[in-house]
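For reference, the structure is listed below as structure tokens.
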Amino acid sequence: MAPPSLILLTGMAALVIFSGELVAADPVYAAALPTGARSLESVNYPGRYVGHLGALGRLDPVTSSSTPQVKQEATFTVVNGLASPACFSFQAQDGRFLRHRDWRLRVDANTGDPTFRADATFCAEDGSVAGSVSLASYNYPDRRIRHRDFALWLDTSQDTAIFRADSSFRITTPWAPKTNKGPVIPGLFADPHLTTFNGRYYLYPTTDGYAGWSGAYSKAFSSTDLVNWTDHGVILDHGPDVSWADDSAWAPAVAARNGRYYLYFSGGLAGGAKQLGVAVADSPTGPFRDALGRPLITSGQFSGGQAIDPMVFTDDDGRSYLYWGQGVARVVPLNSDMVSFDPARVRTITPSGYKEAPFVFKRNGTYYFMWSENDTRSEDYRVAYATGSTPLGPWTKRGVVLQKRLEAGIKGTGHHSVVQAPGTDTWHVAYHRFAVPAGNGTNRETTIDRMEFNTDGMIRPIVPTL
Ligand code: FUB
């Protein structure tokens, strides 16, 4: 039986302008992989695919009459590299990641520590034949995934035809196609800010999968239909781009004014509490640059709570309000420059049960203030809301609208955002959950569901779907 059809790779060298010259940014890793569910077929043993038996990586034959389990084990989701967005990781259908240990390839759960992330990240080069790829280890760049005796190894590269063939794979359509709609973007992403600019949807999530949520960069994605997403790459990298924070790129949120785009973000100050910053760009996909060269809100500026989880709501009169806070929810009108405010006008609006992730929108003249309750590491992380008649409250708590659905394996549903489909009364909620099936509070994934209202304006319970 014929194997799945070949998906062509784009052999592509990244180019950047540096000191006025066009230079290759990363000449070593040259191939771009399609993300999403795929299978990896051996170049010199067509019909055999990268898979795993239990934990150990193998090269096994797969045909259309193979068992569902064999097909599942020969299917990986190609995702953002856990150690670098320039490279790739391969997530097995059971949630574990392909990684090397003692030079053998195996699948293991992501611990989020730097060693695991590096061991589970592979950088793509063109393979031995057109349309194939060779995968170099992120932390041992001179070693590649190759098969030997139909087991998978991480071996030192050799300049021989047999090594090149043994370390080249065709990326094919998956043997076990995805049956769920989610996550909307492959890989580990949390705290999604879903919004629209100029009739197009944009998604700004936290990059997840790091112990202690220590990921240092944010990416942007865009879509016209909330189903097919374009990855616009890294839009703000705290290491090089933010002088006062080099890690913990948490919960980005973007607002527009006068053709400019403002990215509000939390950042870690080494050894201290989080602070909140703002970056600016001429496009919703960046590149963003730190607008102030210092935090917009410093860690001790307001007593109580942590300065994280910013969000901006702009009312019909054009005034924008900044909401933020973990433990304590605060709001302040922003000045028209979007990067300053009067500290004397900051109000505390913490509702009962509030943990973090404030989000405000307006429908039919009613203001909706939503937030997350419990700890993001708990399966009981959930979303509640209140309504009010102004962007500053007072607020009437209405209750929980989004929570776990254990019968579907859905846990930890929270840190959401809400978007109105342009020109309609159709509303969508983006949120994260523990990655299905094997995630937890630092291995989260982003999904989107419909949000509907009763005739009295109350939000109907949101049913989280797979
Ligand atoms: O992703 C890091 C943190 O986890 C966010 O800032 C919180 O809202 C929680 O989701």
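The values are calculated or read from the model by the stated rules, or taken from the named source; none is laboratory data. Just so you know, these numbers come straight off a predicted model, no measurement behind them. As a convention, Cβ positions derive from the backbone with ideal geometry for all residues, glycine included, and neighbour counts pool all protein chains shown. Only protein heavy atoms, including side chains, enter the accessible area calculation; ligands, DNA and RNA are left aside. Shrake-Rupley method; radii C 1.70, N 1.55, O 1.52, S 1.80 Å.
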Quiz item: When the residues of region 59-75 are filtered to those that are under 18 Å from R96 (Cα atoms) and of a type in the set (S, T, N, Q), which remaining residue is nearest to the chain's Cα centre (by Cα)?
Solution: T75
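Report whether or not D309 is crowded, with 19+ Cβ neighbours inside 10 Å, within 16 Å of the ligand (Cβ to nearest atom) and more than 21 Å from N258 (Cα to Cα).
Answer is yes for this residue.
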Self-check item: Enumerated strands (runs of 3 or more DSSP E) restricted to region 208-294, each holding at least 1 residues that are closer than 19 Å to A83 by Cβ
Solution: 217-223, 230-237, 247-257, 260-268
Quiz item: Any chance region 159-175 includes a residue that's at pLDDT 95 or above and in contact with a helix residue (DSSP H, G or I) (Cβ under 6 Å, 6 or more places away or on another chain)?
Solution: yes
Quiz prompt | Residues of region 264-305 satisfying the condition of being of a type in the set (A, V, I, L, M) and either at pLDDT below 95 or under 13 Å from A245 (Cβ atoms) (or both) | solution = L269, A270, A273, L276, V278, A279, L292, L296, I297
Exercise. Take A256 and decide whether it is over 16 Å from the mean Cα position of the chain (by Cα) and aliphatic (A, V, I, L, M).
Key: yes
Self-check item: Of the criteria (1) crowded, with 17+ Cβ neighbours inside 10 Å; (2) under 21 Å from G81 (Cα atoms); (3) not acidic (D, E), which one P141 fails
Solution: (1)
Quiz item: Quick one: is A118 modelled with pLDDT of 95 or more, open to solvent by less than 20 Å² (accessible area, probe 1.4 Å) and outside any strand (DSSP E or B)?
Solution: yes
Quiz item: Could you count how many residues in region 69-89 are of a type in the set (S, T, N, Q), open to solvent by 20 Å² or more (accessible area, probe 1.4 Å) and touching a residue at least 60 places away in the same chain (Cβ under 8 Å)?
Solution: 3
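Do we find a residue being among the hydroxyl-bearing types (S, T, Y), more than 24 Å from T196 (Cα to Cα) and touching a Gly at 6+ places or on another chain (Cβ under 9 Å) anywhere in region 281-296?
Here is the first cut: in region 281-296, the ones among the hydroxyl-bearing types (S, T, Y) are 283, 285.
From what is left, the residues that are more than 24 Å from T196 (Cα to Cα) are none.
Scanning region 281-296 turns up no residue that is among the hydroxyl-bearing types (S, T, Y), more than 24 Å from T196 (Cα to Cα) and touching a Gly at 6+ places or on another chain (Cβ under 9 Å).
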Quiz item: Exactly one of (1) surrounded by 15 or more Cβ atoms within 10 Å (Cβ to Cβ); (2) part of a loop (DSSP other than H, G, I, E, B) is unmet by D337. Its number?
Solution: (1)
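Conditions tested, residue by residue: (1) open to solvent by less than 50 Å² (accessible area, probe 1.4 Å); (2) more than 26 Å from G327 (Cβ to Cβ); (3) more than 16 Å from the ligand (Cβ to nearest atom); (4) modelled with pLDDT under 95.
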residue	(1), (2), (3), (4)
V383	yes, no, no, no
P391	yes, no, yes, no
V401	yes, no, yes, no
A408	yes, yes, yes, no
K411	no, no, no, no
G414	yes, no, no, no
H428	yes, yes, yes, no
H432	yes, no, no, no
E452	no, yes, yes, no
